[in-house]
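The values are calculated or read from the model by the stated rules, or taken from the named source; none is laboratory data. Since the model is a prediction, treat every value here as computed from it, not as a measurement. A quick note on method: Cβ atoms are made from the backbone with ideal geometry, for glycine too, and the neighbour counts reach across all protein chains shown.
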Amino acid sequence: MLGKNFEYVSIFENITFWRSKEAAQKQSNTEHGSGLVQIVIFEAADRDDIGGSAYGGQRSICCTPDLAKLEGCKQGEVLKIRSSTDKNWPVILNVKFKGRSLKTRMRRQEVYVTKTGMYNLFFISCDPELKGLVMNGKTVWKNPDGYLPGRMAPSMKFYVFMSLAYLVLSSIWFFQYYRFWNEVLQLQHCITAVVVLGLLEMFFWYLDYANFNSTGIRPVVLTTWVVTLGAARRTLSRLLILSLSMGYGVVRPTLGGLTYKVLVIGATYFLATELLNITEYVGTVNDVSGRARILLVLPDSFLDAFLILWIFNSLSKTLEQLQMKRSSVKLDIYRKFSNALAVSVIASVAWIVYEVYFKATDPFNERWQSAWIITAFWDILGFAVLSIICYLWAPSQSSQRYAYSDGVGEEFNDEEVQALTKGKSGGDINLVKQGQDATIGGNDDVYDSEEEDNQPSKGE
């Protein structure tokens, strides 16, 4: 509920209040106003202008006998102190019951805001006899640019830029993908799926926000679809990183017995992420209650932490294998990959600390204009990691250099590359090839054989 620099309107439509029969029976039929309900609109920065405290005691929104003596307010009504910047604010609208009627309806009313800020709306009844009051109706909040709340408006522009960024990435990737189709590896098919899901997610997030901005309604079907795309993209991204860390397609042809475990953790992570995002986004504008959110965030956070540990544990083993095999090309790629992951984890931890600080120091959402950055960071970080993966494993005419092959052939491929770059003679190359042919089917003493071949014979 945010205003712009020029008129922003709040419309109350068909607001109806019901009180209990006991409360109605206590009133007289001829009494014109027998129960007061007040609608209070105020800027978060002016929250101290609503209510007060008598003699330094507990703060009360309603005017108490002590506050009536000190402030001159009317007992049984909301205590209002006029704003120092605008005498018409805070705004208080009064609705009264008539006689012994059980319900009363608020006439259609419009409130105009001319100052940018975070605005709060309270429905308050200071009459103890109206305990258990029930209300129904609709409030419409509209900015000059549309119905999208001000703190969400920057996100719509952000998703435009993210869609363009994914479009550029996917264009470059698919150009290479098509150009070197015959060299494409199974691993690169998985990367393609993540790129496509990322592009679709950003595009549909923009559509969701644009639709909300134009209609004022957030359709459940569209938002659910976007949330599901996001959960699928995040799940597949993590499984891709885990598979790369295990050396899938590089030092092992398949995940073998780990396939089932990877699929189970992937399915569990997808469900946890889907439930969390549906609760936060589908059919709602504001955040869910703190307790409910914690119950959904904890499983998601636990799975993320577990995956990070698994990824780095697998990555260290893969690096050890590549060092033992002296596969310099693959080792260089994996070192760059591990460095990128380490930086992303450090950035994630630092951002989580900042996010906790941001929310702890802004309980009244006064920094709403920059709140969108909190969630935008994770999309930017995910895009950055994906871009690095696309760069390291981009389809090319030499894609097979980091593809899986039998241990012996793989080792000799690297040795042959080094021999050629050093300008060895044809005889030396033939010796290497002969040594390779002689050891096909084995996996030991490869480098010993090569060294023996290179030693001069006794007859020389």
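For this structure, a couple of remarks:
- The number of residues in the stretch 322-355 being in a helix (DSSP H, G or I) and over 29 Å from the mean Cα position of the chain (by Cα) comes to 9.
- For the condition hydroxyl-bearing (Ser, Thr, Tyr), loosely packed, with under 15 Cβ neighbours inside 10 Å and modelled with pLDDT of 80 or more, Thr30 does not qualify.
- Those residues of the stretch 61-89 which are in contact with a strand residue (DSSP E or B) (Cβ under 7 Å, 6 or more places away or on another chain) and outside any loop (DSSP other than H, G, I, E, B), in sequence order: Cys62, Leu67, Glu71, Val78, Lys80
- Matching residues, the stretch 100-129, being surrounded by fewer than 18 Cβ atoms within 10 Å (Cβ to Cβ) and either in contact with a helix residue (DSSP H, G or I) (Cβ under 8 Å, 6 or more places away or on another chain) or at positive phi (or both): Arg100, Ser101, Leu102, Asn120, Glu129
- Candidates Tyr269, Tyr260: the one that is out of contact with any Phe, Trp or Tyr (no Cβ under 7 Å at 6 or more places or on another chain), among the aromatic types (Phe, Trp, Tyr) and buried (at least 18 other Cβ atoms within 10 Å of the Cβ) is Tyr269.
- Every condition in (1) assigned to a helix (DSSP H, G or I); (2) loosely packed, with under 14 Cβ neighbours inside 10 Å; (3) not acidic (Asp, Glu) is met by Phe158 except one, and the failing one is (2).
- Among strands (runs of 3 or more DSSP E) entirely within the stretch 97-150, having at least 2 residues that are small (Gly, Ala, Ser) and under 38 Å from the mean Cα position of the chain (by Cα) singles out no element at all.
- Residue match in the stretch 51-58 (condition: in a helix (DSSP H, G or I) and either free of Cβ contacts under 8 Å to residues at least 60 places away in the same chain or surrounded by fewer than 16 Cβ atoms within 10 Å (Cβ to Cβ) (or both)): no
- Scanning the stretch 233-257 for residues that are surrounded by fewer than 16 Cβ atoms within 10 Å (Cβ to Cβ) and at positive phi yields one hit, Gly256.
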